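As structure tokens, the structure follows; a few thoughts come after it.
The values are calculated or read from the model by the stated rules, or taken from the named source; none is laboratory data. Please read all numbers here as calculations on a predicted model, not as lab measurements. As a convention, Cβ positions derive from the backbone with ideal geometry for all residues, glycine included, and neighbour counts pool all protein chains shown. These area figures cover heavy atoms from the full protein model, side chains too; ligands, DNA and RNA do not enter into them. Shrake-Rupley method; radii C 1.70, N 1.55, O 1.52, S 1.80 Å.
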Amino acid sequence: MDPQEQEQLPVRLAVGRAAWWIPNPGKKKPTSLLQLRHAPVIAATTSAEDTRKMSFAAALKDLLENLSFHCYGKLVEHGRRIQERFFWLVFHITALSVLIAFLWGTYTNEQDALVTTMYHPLYPIWKVEFPAISICTVNRISRRAAWQYAQELSSKDPKNNNASFFYKKLNAFLYMYYDPTDLKDIDSALMFQSFLDRFDTEAHELFFNTRKRMHVLTPNCSEIFVSCRIAGRLFNCLEQFEETLTSHGYCCTFNYDGRYVNKRDFRQRYFGPDMGLVLTLKTQSDDNFYKINGHNGFLISIYEPHAYPDPFSGGVAERIAEVGFNTLLPVRAKIFETLPEARRMSQSVRKCLFENEMPWVFARHYTFSKCISACRAQSVVSLCECVPFSLPHRYIDGNEKRIYCTLQHMACLKRYEFKWLNVITSRENVTGLEHELQDALFCPLCLPSCTETRYSVRGAMTLGLPTHTLAKSPSRSSPGPRANNSYGSGSGLGPGTGTGYGKGYSNGSSSPAELAVVRIYFAETHIQYFRQIIKSAWYETFSTIGNICGIIAGFSLIGICELLFFLAKQLWQACRAEIKAELSHIQERTHIQRHSKRDHAAEPDPDTESEAERPMKLFILP
């Protein structure tokens, strides 16, 4: 080709530069004097060329020749044989497949956005909050309180039945409030409940208040404590223990609000049997009316402060302290903390909830066990239309006007017992468990706590108390359990004695068979501290993806922008061509209609033309 002819051709592309970055690829600036003289003619010709559209195949070829991605120009390079082009095609397809596989692996790994690491392997125990302790008597109903209740019902009975009659009724049916699964004479139970609904209600009450009645019948906290000690110091039991609701009803709870959370000195780290919480408890065997199991003693529940102690919801370590024994309960703690930066993630990604994310239900102290108990309570309300008296109102809707479960709801509670004891938070098809999956209680909103302290009791043991009657408190240097330093009467009880231990139960006459000593303490001086951290920040993920794309396929951010620009340009050209075609079609139709109207106006009227061409007739009148 002549050099002059080459100079006249428009330069479409330059080596190493993409055409889509050049404002006018086909336009060439005039350089010579002759071209400057004929600039209008050249400009008209170039603009006419610019109006001509490149085909998609030609544009794609230009893209591959000038793309910043490596070796893609080999597919369309001039002079390459078909075998070489096929090799490069297979090579690029393989590279893209491997790239997609690596990116998919990276995506699946990033789904676990949080990773658990060991933050402190030897975290000092004196910085760990002391757990909440609930003391529940195995005997859930006091015999004296039941007899007083029978007398009260006898005074309200219009048939004037004596107190013994109602005492037998209470002995036959009152336990069902704690164990609704043991139904024997349901008809008599329903008749007795109808009597309670009618005559054992206040003027302002619309239904039988099961919670208030069970609160009166439960043994009082002042009747079970002899002495209390923590970190070697005596304290008033009734000032530190409060009555709270548990899954077993009303119990005496220590540190429920987390008041023993602050950091303590080395002496008050609650490590060892003598430096933890030491309780001397007593029971009255002739006051037993209904026991939830065959033991004679107390139920000890250890859990995180502000939680709801329910063994069926998790997060609770429950042990039995028998009377006549010194029960040692070594507590082992673990801390799991999630960094606050994880709050910006969605709950489905981090798969946990912070303690203040459901304040309207859990009062800014969310725990997984609380959520399961609330879910179970809502299911009970939906299926049986009643509220178990042992559940807080805030777990349902905070409405205290709902009816409590009574004897008339026992059949419904027994029917769905299996459902409420089997809880799932996510549905997964497991072969052989299809029936259980359908019958279980589904609680999708309950997620684990992001930050919590888990307590477990391992290595518990019991030691027998001295068999002789302890009339006086033993000296501190004497052998035996040191928790019994306040067994004696009078001045030996200290400030934790309380008042009102019942008739016939003086402190000095209490035998070891009626007493129980419980020691709750930390078993380790240091614990493990775990933290959940963000697995990778956005810039780390971006860097990982960029490295994979650059190593395998030679991709770069500039090349991706070029590709996006090319696609946007082709889309815009297609849309513009479609719009131009539509406009030209509309203009053509308008032009045709306009010409048809003009031709129609130019044609003469046939009636007028016939009249004009008709010969005139002459009429001669006589």
Summing +1 per Lys or Arg and -1 per Asp or Glu among the other residues with Cβ less than 13 Å from Arg198's Cβ gives -3
Span per principal axis, largest first, for the Cα atoms of segment 143-264 (Å): 61, 32, 26
Over all directions, average the projected area of the Cα convex hull of segment 546-594 and note it in nm². 3.8
Pop out the ³J(HN,Hα) list for segment 329-335 in order, Karplus 6.51 cos²θ - 1.76 cosθ + 1.60 with θ = phi - 60°, rounded to Hz; leave Gly and Pro as x. 10, x, 9, 10, 10, 9, 10
When the convex hull of the C-alpha atoms of segment 87-221 is computed, what volume per residue in Å³ does it have? 305
Using 1/(1 + (r/R0)^6) with R0 = 22 angstrom and r between the beta carbons of Glu434 and Phe312, what's the FRET efficiency to the nearest 0.05? 0.45
Quick one: grab the alpha carbon gyration tensor of segment 296-439, order the square roots of its eigenvalues as a ≥ b ≥ c, and give me rounded if a/c is under 1.5, else prolate or oblate depending on whether a/b is larger than b/c. rounded
Provide the net charge surrounding Gly324, with neighbours chosen by a C-beta distance below 12 Å and charges set as Lys +1, Arg +1, Asp -1, Glu -1. -1
Taking the Cα atoms of segment 348-417, report the difference between the largest and smallest coordinate on each principal axis, in whole Å and largest first. 43, 24, 16
Surface share of carbon and sulfur [accessible, 1.4 angstrom probe, percent] for segment 123-207: 50
From phi via Karplus (6.51, -1.76, 1.60), per-residue ³J(HN,Hα) for segment 409-425 in Hz, x at Gly/Pro: 9, 4, 4, 5, 5, 5, 5, 9, 4, 4, 5, 7, 8, 10, 10, 10, 10
If amide H atoms are built 1.01 Å from N in the plane of the peptide, which residues on other chains or at least 5 residues away come under 5 Å of the amide H of Leu465? Phe325, Asn326
Express the Stokes-Einstein translational diffusion coefficient of segment 255-346 in µm² s⁻¹, to the nearest whole number, given a Kirkwood radius over alpha-carbon pairs, 20 °C and a viscosity of 1.002 mPa s. 129
Once amide H atoms are built 1.01 Å from N in the peptide plane, which residues 5 or more positions from Ser227, or in another chain, come under 5 Å H to H? Thr280
